[in-house]
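We did not get these values from a lab; they are worked out from the coordinates using the rules stated. A quick note: this is a predicted structure, and the numbers were derived from the prediction, not measured. Note that we place each Cβ from the backbone using ideal geometry, even for glycine, and neighbour counts take in every protein chain shown.
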Amino acid sequence: MSRRAAALLVLPAIAVLAVFVAAMALTGLTSFAADAGRWSVKHYVRLVSDSHYLGYLWRSFRIAAYCTPITLLLGYPVALVMATASSGVRLGLTLLLVVQFFTSYVIRAYALMLVLGNNGVVNRALLALGVVDQPLTLMYNEFGVAVSLVLLPMPFMVFPIYSVLKNVEPNLEAAATSLGADRLRVFWHVTFPLTLPGVVAGVVLVFLFDLTAYIMPGLLGGGYFDMVANVIYDQAMEVRDQSFAAAISMVLLVATLAVLYLTTRWGARYAEPPRE
Amino acid sequence: MSNACRRVMFVVLAMVLTLALGLAPRPAAAQTEIVLMTWGGAFHDAFQAVKADIEKAADVKLTFVTQTGAAGGLSRLEAQKANPQVDLWTSIVSTADAGLKSGVVEPLPVAQIPNLKSVPDYLVTPAGTAIWSSLRGIFYRADKVPFEIKTWEDLWDARLKGLVSTSFILDKGNFLIMASLISGGSERDIDKGFERVKALKPNLALFYKTDSESIKFLQAGEAGVAGWGILPNVYKLLGPGSQYRFVVPAKPQFMAPIPISLVKGRPNRAAALRVIDAILAPAVQEKLVENLGSVPANRTAKAPAKIRDFVPPLDNVYKVDWGYVNTHFAEWESRWNREIQTR
């Protein structure tokens with residue numbers, strides 16, 4: 001292929017990237033816009049000096065930080081089963097995850113309400129069994145949002161791990177077993193390290209999904225557990241303070257990029273095979 | 001096949017094609033397309049029901065685009081300011097005013113809309129004319145609430161502990177303004193409203209941001225009462241045998257005029273004005289409000305019989321100073337989140 005043809009093929013990607021960068025640049029500029037066409041850092045000063053708004057950033061990072069490992073703990077075994085089970089089981093699990101993935105977030109949120117709500121399956125069962133005499137508050141708080149942020153991004157965790165797992169050379173595990181390692185040691189010292197690229201990809205995707213969640217905290221938080229995306233929306237659309245919304249967005253973007261950088265550095269260190 | 005044969009077939013084919021094109025019905029001169037941005041759900045359905053009437057009267061092709069909320073619609077208009085894609089826009093008064101200020105809406109040329117003579121002056125502003133007025137009240141489930149709700153003050157009844165949902169964002173803080181009014185304040189004395197809503201906290205189950213959320217929470221049984229209800233959205237759920245009730249408390253009463261605004265910078269301005277006029281025609285008005293359970297803007301049109309069953313005489317409708325609210329909304333929103341929307 002000539003260099004010219006290669007350059008032409010890259011052009012659409014460059015165009016998409018340019019639109020994305022331009023949007024980010026405009027958001028950045030908006031965050032410094034002050035009254036009467038002047039520039040100012042006042043929106044950033046307001047953000048960092050107000051514990052109320054910083055609190056939304058903190059709670060978003062906190063919930064993403066603990067929901068992501070839980071999703072990993074629950075998702076890894078699913079990926080493992082998919083990679084080792086019969087084609088029928090694999091197809092069934094894939095279908096379940098794909099259907100979940102393509103179902104609207106709003107519908108999934110209402111489905112979770114049917115499980116966690118005051119009249120939900122869990123509370124009805126607990127009341128019927130006499131475990132509680134009042135419905136437990138499983139929603140409209142951090143718990144309800146956390147449950148949704150563990151369950152909903154599950155496909156983002158399972159599929160990257162599965163794609164790596166299915167390519168793990170079975171002879172390596174067989175060799176470890178033949179050398180006397182039990183199944184747990186084989187998994188921990190052979191299988192898991194080989195799947196780290198998939199784990200890192202899944203962790204990054206789920207962390208970003210959780211960090212920027214909007215619909216789930218909006219519906220399952222019931223107004224008591226808004227996250228940073230909800231605040232950005234409210235400031236931009238309802239309060240109509242686009243500059244402050246842009247400032248929160250830029251801080252979120254920088255913090256996210258920092259986390260992404262650290263995660264990929266960590267992933268690169270552990271996921272690459274040791275060199276001779 | 002010989003060359004001569006091919007030539008004959010080619011000529012025959014060309015003749016058939018020419019004949020077909022000649023006989024094909026010619027498209028009528030393209031009608032002017034007018035794009036109306038409005039809400040989805042009940043509002044879209046109501047407009048759809050009068051679409052043909054409006055198209056006929058205004059001689060246009062009417063197309064609807066959906067907005068998730070009035071504020072979302074305004075943001076879209078602002079994003080399209082250099083090249084607007086919408087001719088007409090329905091919203092709420094405070095947002096229409098903001099649209100006029102930001103230059104996406106042009107002042108309404110009242111003289112060019114004949115049916116405006118039948119619309120009361122207070123429903124017409126430079127930002128647009130009301131096309132109907134939508135009642136606000138309390139929407140609740142009779143099977144969840146142990147008594148009949150009649151007044152705003154009933155929301156504070158201890159028997160409603162953990163059953164009430166409400167909203168600050170919806171209708172730009174109108175629930176807070178109501179709380180202030182029943183405590184002797186107003187939008188200009190909002191501290192009284194905050195104190196009153198703080199006292200409601202034991203009864204509050206959750207907060208919603210959109211009217212559709214308010215209905216879904218009630219339907220799912222997560223709340224028994226939507227403390228700030230919008231009648232058009234729930235109108236079709238009411239009636240004999242229904243477990244849902246809608247109350248318009250006698251004092252203070254809130255009725256939101258729904259303005260239609262003329263978007264600035266579109267080529268078919270005259271056609272858009274004809275559409276506004278067609279919407280204000282009495283027959284179209286009556287069809288619209290029949291589907292929405294609302295009060296027509298045209299005084300010669302009749303309100304639907306069904307709302308007369310539960311709507312008291314509308315002689316205490318409070319007129320909110322939305323200009324004042326707009327300038328203080330950011331401060332109220334921040335305070336609401338800190339003082340009310342916390343456990």
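A few notes on this one:
- Inter-chain Cβ neighbour count for B:204-214, averaged per residue, equals 4 (cutoff 10 Å, partner chain atoms only).
- Stokes-Einstein translational diffusion, the stretch A:141-187 - Kirkwood Rh over all Cα pairs, 1.306 mPa s, 10 °C, in µm²/s: 119 µm²/s
- Kyte-Doolittle mean at least 1.6 and Cα axial length at least 18 Å: DSSP H helices in chain B: B:3-23
- Cα shape, the stretch B:209-343, gyration tensor, a/c 1.5 rule: oblate
- With neighbour counts taken as other beta-carbon atoms within 10 Å, the residues B:ARG335, A:ARG124, A:ARG269 rank, fewest first, as A:ARG269, A:ARG124, B:ARG335.
- Look at the stretch B:103-113: the mean tally of other chain Cβ atoms within 10 Å of its residues' Cβ atoms is 0.
- Each of A:MET157, A:MET227 was scored by other Cβ atoms within 10 Å of its Cβ. Listed from fewest to most, they are A:MET227, A:MET157.
- Sum of side-chain charges, B:TRP322 neighbourhood, beta-carbon under 11 Å (Lys, Arg +1; Asp, Glu -1): -2
- Helices that extend 20 Å or more along their long axis by alpha-carbon positions and average at least 1.6 on the Kyte-Doolittle scale are, among the DSSP H runs of chain A, A:3-31, A:87-102, A:196-211.
- If you take the Cα centroid of the stretch B:251-292 and the Cα centroid of the stretch A:148-221, the two points sit 55 Å apart.
- Environment charge of B:VAL86, counting only residues whose C-beta is closer than 12 Å and scoring Lys/Arg +1, Asp/Glu -1: +1
- Cα gyration tensor shape of the protein assembly as shown, rounded if a/c is under 1.5, else prolate or oblate by comparing a/b with b/c: oblate
- Global size of the stretch A:1-155: 23.5, 74 Å for Rg and Dmax (C-alpha atoms, Rg to one decimal, Dmax whole).
- Pairwise FRET efficiency - A:PHE101 versus B:PHE310, Cβ, R0 = 51 Å, nearest 0.05: 0.70
- Ranked B:TRP336, A:TRP39, criterion: other C-beta atoms within 10 Å, fewest first: A:TRP39, B:TRP336
- Alpha-carbon centroid distance for the pair the stretch B:120-145 / the stretch A:14-38, whole angstrom: 38 Å
- Overall form of the stretch B:49-114 per C-alpha gyration tensor (a/c, 1.5; a/b vs b/c): prolate
- Partner lysines for B:LYS61 [C-alpha distance under 24 Å; skip if fewer than 8 residues away on the same chain]: B:LYS51, B:LYS81, B:LYS264, B:LYS287
- Relative contact order, percent, chain A [alpha-carbon distance under 8 Å, six or more residues apart]: 27 percent
- Semi-axis lengths, largest first, of the ellipsoid equivalent to chain A are 37, 31, 18 Å, with √(5λ) applied to each eigenvalue of the Cα gyration tensor.
- Expressed in units of 2.2 N^0.38 Å, where N is the residue count, the Cα radius of gyration of chain B is 1.24.
- Positive contributions from Lys and Arg (+1) and negative ones from Asp and Glu (-1), summed over other residues with Cβ under 12 Å from the Cβ of B:ALA70, come out at -1.
- Distant-in-sequence amide contacts of A:TYR224, defined by a placed amide H-H separation under 5 Å and a gap of 5 or more residues or a different chain, comprise B:PHE207.
- Taking every residue in A:231-243 and counting other chain Cβ atoms within 10 Å of its Cβ, the average works out to 5.
- Gain upon complete extension [B:VAL65, B:ALA199; 0.36 nm per residue less C-alpha separation]: 44.1 nm
- Summary of the geometry: the stretch A:74-122 and the stretch B:175-220, compared by the centres of their Cα atoms, lie 37 Å apart.
- Of A:VAL206, A:VAL158, A:VAL21, the residue with the greatest mean-square motion in the GNM of chain A, using alpha carbon springs below 10 Å, is A:VAL21.
- Entries of B:LYS201/B:LYS319; B:LYS201/B:LYS251; B:LYS209/B:LYS236; A:LYS42/B:LYS198 with Cα pairs more than 24 Å apart: B:LYS201/B:LYS319; A:LYS42/B:LYS198
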